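Here the structure comes first, spelled out in structure tokens, and everything after it is commentary.
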């Protein structure tokens, strides 16, 4: 789909949005409910391409799941019965890594694959960890497609933490169903630590205790998840594009259904907005942003790599230089986000310098419209679209349908207030 965006002029209305449900929490709740000892009900779940891929894969591993206003999931208590050997993770890296762990509990083999861009997502360290626990695993030199046959046993495993926290989350979620439990030793630096916190939060909410030794060693005893009703909180990653509308368009923004004390990594966007000059207020379940002049900052996004395009959009409008560091692992997302952010955001007329682990952006109050390619990356598409609303002249966003990966209603959210500025050219 192609989206045409024309600049917003002299807008002073308060923008009020309801945060979409968290994708990270939805993925984990589906996996853990699928392993539980009874029927679970998951409320306020996110419906998007990624979460539907996880549901489809769980169904093919023998889990009965019924979709409606809430998800009704009949837990298997770890006894998975394969219905379809081919598991399609579509374009979801979370699904890929989490389903690798889940499939290793089954007593027969499956082939895990996905769309073309997913086949470039690394899995070697998770593959090696599952092999060391007794699984039969064959991949394409550390990349999908991957063939897995369980069943794995418990014990002790070591895994690197500097490529993707999803490797560790995958092991943590299946640990209660391994004979004797599981000890996980983290080698090197652990990136995206808050995503591990989300995993631990959901695990403990389903009745399993995790022993966490300063994120260097984890231990979970052999046990089982207790079935329950569970409500998904609002998503900071998707809401970040709504929150930055405030300083970019110089208007007040209110986003509801956001937990100010959330464990989500991308809650860091509030700190970044404050540091760049915006006024941020929090209430029980909502965030209020008052605009002000944006100033360039230096920021490390090691634990929040998904915020990279969002912060680049802010930096393009900020006075002075913004330095973003610590996101080398953003090169292994849906696109090489460091390279693509430079390539696409420079089209706004802003000077950007690429480093090994980040970017330097030299901001400008005036940005220009252009023709942009999303490179099949939902976060690139949404960040560009927000900045386009405040640029001079028309912008064309190609491959904009990729927002369906995490936030299918994104353009509908914007068109609630900017219907005259946004045109969907092709379905």
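Worth pointing out:
- Among the candidates 204, 221, the residue that is out of contact with any helix residue (DSSP H, G or I) (no Cβ under 8 Å at 6 or more places or on another chain) and surrounded by fewer than 17 Cβ atoms within 10 Å (Cβ to Cβ) is uniquely 204.
- Scanning region 129-155 for residues that are in a strand (DSSP E or B) and either in contact with a helix residue (DSSP H, G or I) (Cβ under 6 Å, 6 or more places away or on another chain) or farther than 14 Å from residue 96 by Cα (or both) gives 136, 137, 138, 139, 148, 149, 155.
- Residue match in region 318-325 (condition: within 30 Å of residue 143 (Cβ to Cβ) and either outside the structural domain of residue 267 (by TED's automatic domain parsing) or part of a strand (DSSP E or B) (or both)): yes
- One residue alone among 193, 216, 209, 261 is outside the structural domain of residue 378 (by TED's automatic domain parsing) and modelled with pLDDT under 95, and that residue is 193.
- Hits in region 42-60 - residues which are over 15 Å from residue 23 (Cβ atoms) and either part of a helix (DSSP H, G or I) or in contact with a helix residue (DSSP H, G or I) (Cβ under 6 Å, 6 or more places away or on another chain) (or both): 56, 57, 58, 59, 60
- Selection over region 151-171 of residues that are crowded, with 23+ Cβ neighbours inside 10 Å and under 16 Å from residue 135 (Cβ atoms) gives a count of 4.
- Condition met for residue 65 (in contact with a strand residue (DSSP E or B) (Cβ under 9 Å, 6 or more places away or on another chain), surrounded by 21 or more Cβ atoms within 10 Å (Cβ to Cβ) and either in a loop (DSSP other than H, G, I, E, B) or modelled with pLDDT of 95 or more (or both)): no
- The helices (runs of 4 or more DSSP H) found entirely in region 329-427 that carry 1 or more residues being touching a strand residue (DSSP E or B) at 6+ places or on another chain (Cβ under 7 Å) and closer than 24 Å to residue 14 by Cβ are 378-388, 410-418.
- Among the residues making up region 1-13, those that are touching a residue at least 24 places away in the same chain (Cβ under 8 Å) and either more than 19 Å from residue 422 (Cβ to Cβ) or out of contact with any strand residue (DSSP E or B) (no Cβ under 9 Å at 6 or more places or on another chain) (or both) are 8, 11, 12, 13.
- Qualifying residue in region 201-209 (condition: over 14 Å from residue 32 (Cα atoms) and not in a helix (DSSP H, G or I)): no
- In the condition set (1) without any contact (Cβ under 8 Å) to a residue 60 or more places away in the chain; (2) touching a strand residue (DSSP E or B) at 6+ places or on another chain (Cβ under 6 Å), residue 259 is compliant with all but (2).
- Note on region 358-389: residues that are surrounded by fewer than 17 Cβ atoms within 10 Å (Cβ to Cβ) and either closer than 21 Å to residue 297 by Cβ or free of Cβ contacts under 8 Å to residues at least 12 places away in the same chain (or both) total 4.
- Scanning region 3-28 for residues that are within 19 Å of residue 49 (Cα to Cα) and not in a helix (DSSP H, G or I) turns up 19, 20, 21, 22.
The values are calculated or read from the model by the stated rules, or taken from the named source; none is laboratory data. Fair warning: this is a prediction, and the values are worked out from it, not measured in the lab. Using ideal geometry, Cβ is built from the backbone for each residue, glycine included, and neighbour counts are taken over all protein chains shown.
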